[in-house]
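Visitor: Here it is, the structure in full.
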Amino acid sequence: MKSNEVESIALLKKKYAAFGISPPSLHIVLGSGLGVAFETTDAPKGWDLRGELSFGELPGLKAATVPGHSGIFKYYEHQETKKTVTFQLGRLHGYEGLPARQVIQTVLCAKLAGTERFVLTNAAGSLSTKFPVGSVMLLKDHVNMTGHNPLVGPNPAVPGGQVLGPRFPDMSEVYDETMRNRMGVCFKKNGIVVNEGVYLGLLGPSFETPSEVALFARWGLDAVGMSTVWEAIILRHLGAKIAGLSLISNLGCGLGGSKNLNHEEVLEEGKKAAVGIVQTFFEFSRQEFTNASR
Ligand code: HPA
């Protein structure tokens, strides 16, 4: 492991102690626009905000640079079970010019500071009109076509030598089926349209051409975005349990949606759906915490 990662893990543990919480049981990454929910809504009854931390405080990380990605962690403790969920508002991306290993630092360090379960969310373009704008797609699997992988280089190891996972980690079940099913039930109960599908991760930052969208759809892929796959790879390597969720913010280019796709449109859809999604995540967290054995 790199020294800044080791220092970041120590800092997280120190912060958990200072906030008076145990290492969070669940870490939810809120992608494009979804973190804005916290501007207009707060946690439901039964939860306490115990602390906040900006990405920029972790050695080697800088604040997020993309609008809609505020770059902070919020730690909410569930009063009844005393378990904590971390909401990560925003993330870093490869298209910002950052190496994969830096992009995944937030979740790598959270995992190694004691968190075992993660939900990775993003905004994505639908590759089929069957997945409507404003609906949610639970990730069954992904295709990493970014051309990069966060495990390139020496296999990450703790200081002293022990590796954190296999050199060639298995990726046969990246997204945990039972966690996904439980999450799906929560979303449906809250009246949100839910499908399951395969997410295609590209580097960006340009959106796809109509020909690319047509090709990816023919390959049987369901939604396309510019994040998530690196975090999923490193977390599986480390043995974490993960679920993934795309908010369908637009139809893929050429599928009959907007003629001129732009980031503002993606953020606008995120904003509309954000409160419902975040409230559902609090309910999902409560259920995970009160049924700890599952
Ligand atoms: N393509 C790639 N990334 C995206 C899209 C898209 O259509 N929408 C939101 N993120």
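The values are calculated or read from the model by the stated rules, or taken from the named source; none is laboratory data. Bear in mind that the values here come from a model prediction, so they are computed numbers and not experimental data. Positions of Cβ are backbone-derived with ideal geometry, glycine not excepted, and every protein chain shown enters the neighbour counts. What goes into the accessible areas is simple: the full protein's heavy atoms, side chains included, and nothing from ligands, DNA or RNA. Shrake-Rupley method; radii C 1.70, N 1.55, O 1.52, S 1.80 Å.
Visitor: Going highest first, how would you order 105-116, 15-26 by mean Cβ packing within 10 Å? Show your work: numbers first, answer last.
Guide: Working: 105-116: 22.4, 15-26: 17.4.
By packing density, highest mean first, the sequence is 105-116, 15-26.
Visitor: Considering only Val193, Val174, Val36, give the residue with the highest GNM mean-square fluctuation for the chain, with springs between Cα atoms whenever their separation is below 10 Å.
Guide: Among Val193, Val174, Val36, the largest GNM mean-square fluctuation belongs to Val193.
Visitor: Let me ask something else. On the accessible surface of the stretch 3-292, probed at 1.4 Å, how many percent belong to carbon and sulfur atoms?
Guide: On the way: 6210 of 11680 Å².
Heavy-atom surface of the stretch 3-292 belonging to carbon and sulfur, 1.4 Å probe: 53 percent.
Visitor: Sticking with the crude label model, points 7 Å out along Cα→Cβ, report the distance from Asn190 to Val158 in nm, one decimal please.
Guide: Simple spin-label model gives 3.6 nm for this pair.
Visitor: Right, something else. Report, in deg cm²/dmol and to the nearest 500, the calculated mean residue ellipticity at 222 nm for the chain, where each DSSP H run with n ≥ 4 adds -39500 (n - 2.57) and the sum is divided by the residue count. The partial results should precede the final answer.
Guide: Values: 8 runs with 92 residues, N = 294.
Computed ellipticity for the chain at 222 nm equals -9500 deg cm²/dmol.
Visitor: What are the extents of the Cα atoms of the stretch 150-223 along their three principal axes, listed from largest to smallest and rounded to whole Å?
Guide: Reported extents, whole Å, longest axis first: 49, 36, 21.
Visitor: A further question on this structure: Keeping all protein chains in place, calculate the accessible area per residue for the stretch 1-146 (probe 1.4 angstrom), answer in Å².
Guide: Values: 5240 Å² over 146 residues.
On a per-residue basis, 36 Å².
Visitor: Indicate, rounded to the nearest 5 percent, the antiparallel portion of the DSSP beta bridges found entirely in the chain. Could you put the intermediate results ahead of the total?
Guide: Values: 19 of 49 bridges.
Bridges in the chain that DSSP calls antiparallel: roughly 40 percent.
Visitor: How much accessible surface does His237 have with a 1.4 Å probe, in Å² rounded to 10?
Guide: The accessible area comes out at roughly 10 Å².
Visitor: Kindly provide log₁₀ I(q)/I(0) values, in the same order as q = 0.15, 0.16, 0.25 Å⁻¹, from the Debye equation applied to equal alpha-carbon scatterers of the stretch 48-132.
Guide: Debye intensities relative to I(0), on a log10 scale: -0.65, -0.72, -1.33.
Visitor: Return the loop-located trypsin sites (Lys or Arg not before Pro) in the stretch 189-284 (DSSP other than H, G, I, E, B) with at most 10 other Cβ atoms within 10 Å of their own Cβ; answer none if there are none. All intermediate terms of the calculation are to be shown ahead of the outcome.
Guide: Details: sites: Lys189, Arg218, Arg236, Lys241, Lys259, Lys271, Lys272; in loops: Lys259.
Answer by residue number: Lys259.
Visitor: So what's the projected area for the chain, the Cα convex hull averaged over all directions, in nm²? It would help to have the intermediate numbers written out before the result.
Guide: Working: hull surface 57.2 nm².
Dividing the Cα hull surface by four gives the mean projection, 14.3 nm².
Visitor: Take Met171 and Gln287, extend 7 Å from each Cα along the Cα→Cβ direction, and tell me the distance between the two endpoints in nm.
Guide: 2.9
Visitor: Could you work out how far apart the two model spin labels at Glu268 and Glu57 are, taking each label as a point 7 Å from the Cα in the direction of the beta carbon, and quote it in nm?
Guide: Inter-label distance under the simple model: 3.6 nm.
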